[in-house]
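**Q** Starting off with a structure, shown below.
The values are calculated or read from the model by the stated rules, or taken from the named source; none is laboratory data. In this text the structure is predicted, and so the values were computed from the model without any measurement. All Cβ positions, even for glycine, are placed from backbone atoms using ideal geometry, and neighbour counts span all protein chains on display.
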Amino acid sequence: MKYNKQSLSLEEGLRREWIITNGIGGYSSSTIIGANTRKYHGLLVAPLMPPGNRQLILSKVDESIEIDGKVHNLYTNVCKNFISDGYKNLISFEKEYIPILTYQIEDTMIKKFICLEHGKNTVGIYYFIKNGFRKSKLRLAPVVNFRGFHTINTKDKIELNQEIENNKVKLIIDNHSQNPVYIYSSDGKYIRHDNDIFRNMYYIEEEKRRQGDTENHIVPGIYEIELEPNEEKYVTFVCSLEQNIEELDGKDLINKEIVRLSSIIYNTYLLDEKQKEAKEPAYIDMIKNFVIATDNFLVYRPSFALHTIIAGYPWFLDWGRDTLISFEGLLLKTRRFEEAKEVLLTCIRDIKYGLVPNRLFWL
């Protein structure tokens, strides 16, 4: 899936969405221009009791770049009476394994790769910056929250405590001391903000659903990254509920995820060498997209030490009836037989303990 500049109008950009998942019920999702149009959108929506109790942690990261004293926005935010114009600097969006957004500002190019760490509540954003012939400064502003993903935060004051150690910051948001949030950038200088409330983010799709559509977040600070003329730089930004995030490298994180998904595709035998030679590229892409999509729905439930199937994103958890309806397509056609056994055991366990509705027995 790829969209070029001509397909990235504001109207198209707000309509098209993407999602990636972390294998334990968490996910990252937004529109192709990076504007959140649902309360369910966010770069890190993390389950505290996987795959349930999902919390919005990192809404987004707003990037801007200053060249010769002029600030150019890369971000797009929607408020009821204002829309920031970062989408105008976006020249492409693509997603095969992960989302990749490419921005062009004069002679400076910035690529943004978004990836979740499989099995953990961690999102990594990997930036490749190819600077132009003038000095510039890239700013990263994480927009955070800590609320149930079915709700919105309308508080005028969001409690925030920060512990800063170089570029690693520990955040306690709204007194959730049992679940600290960690942010980190591999480059630049962190500048702390106090009481920097992002007010009135507007969710178009929630208004259509007649749900609460306006929310407040908080910006704990910004990372400022200096760029010399003609410099090429790689920067990793991480937000996580895990502590040792300074050990993560964005490129390694992405490579591991691509290898993991490629292995799943290969093991299905749906694209062996003879089939690749005989089939059209569109067919090959369809199979890859199908297998990657099936992987999104298979999640691990640590409390059972078993896999289960999510009924649908972003709203649902695992339901027995939906599991059995989708069982063949998700697990048997893709030859994920060990996970299939675990999913059946999860269904049996749910029946034994009365954790599923009677509709399971309609099958």
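**Q** Output the number of the condition that residue 36 fails; it satisfies all remaining conditions of (1) part of a strand (DSSP E or B); (2) surrounded by 24 or more Cβ atoms within 10 Å (Cβ to Cβ).
**A** That leaves (1) as the condition not met.
**Q** Next question. Does the stretch 84-92 contain any residue that is within 25 Å of residue 119 (Cα to Cα), under 20 Å from the mean Cα position of the chain (by Cα), at pLDDT 95 or above and not charged (D, E, K, R)?
**A** For the stretch 84-92, residues within 25 Å of residue 119 (Cα to Cα), under 20 Å from the mean Cα position of the chain (by Cα), at pLDDT 95 or above and not charged (D, E, K, R): absent.
**Q** Consider the stretch 236-252. How many of its residues are in a loop (DSSP other than H, G, I, E, B) and hydroxyl-bearing (Ser, Thr, Tyr)?
**A** Here the count works out to 0.
**Q** Go through the stretch 133-157 and report how many residues are surrounded by 19 or more Cβ atoms within 10 Å (Cβ to Cβ) and aromatic (Phe, Trp, Tyr).
**A** 2
**Q** Name the one entry in 270, 261 that is modelled with pLDDT under 95 and aliphatic (A, V, I, L, M).
**A** 270
**Q** Return yes or no: is residue 96 over 22 Å from residue 51 (Cβ atoms) and modelled with pLDDT under 95?
**A** In short, yes.
**Q** Checking the conditions here, which among 293, 311 is without any contact (Cβ under 8 Å) to a residue 60 or more places away in the chain and in a loop (DSSP other than H, G, I, E, B)?
**A** Sole residue among the options that is without any contact (Cβ under 8 Å) to a residue 60 or more places away in the chain and in a loop (DSSP other than H, G, I, E, B): 311.
**Q** In the stretch 50-92, what residues are in contact with a Gly (Cβ under 9 Å, 6 or more places away or on another chain) and either over 23 Å from residue 31 (Cβ atoms) or not assigned by TED's automatic domain parsing to the domain that holds residue 147 (or both)?
**A** The answer is 50, 51, 52, 53, 67.
**Q** What's the number of the condition residue 308 fails, among (1) modelled with pLDDT under 90; (2) in contact with a strand residue (DSSP E or B) (Cβ under 8 Å, 6 or more places away or on another chain); (3) among the hydroxyl-bearing types (Ser, Thr, Tyr)?
**A** Against the list (1) modelled with pLDDT under 90; (2) in contact with a strand residue (DSSP E or B) (Cβ under 8 Å, 6 or more places away or on another chain); (3) among the hydroxyl-bearing types (Ser, Thr, Tyr), residue 308 comes up short only on (1).
**Q** Let me ask something else about it. Would you mind finding the one in 251, 189, 208 that is among the basic types (Lys, Arg) and farther than 30 Å from residue 155 by Cβ?
**A** 251
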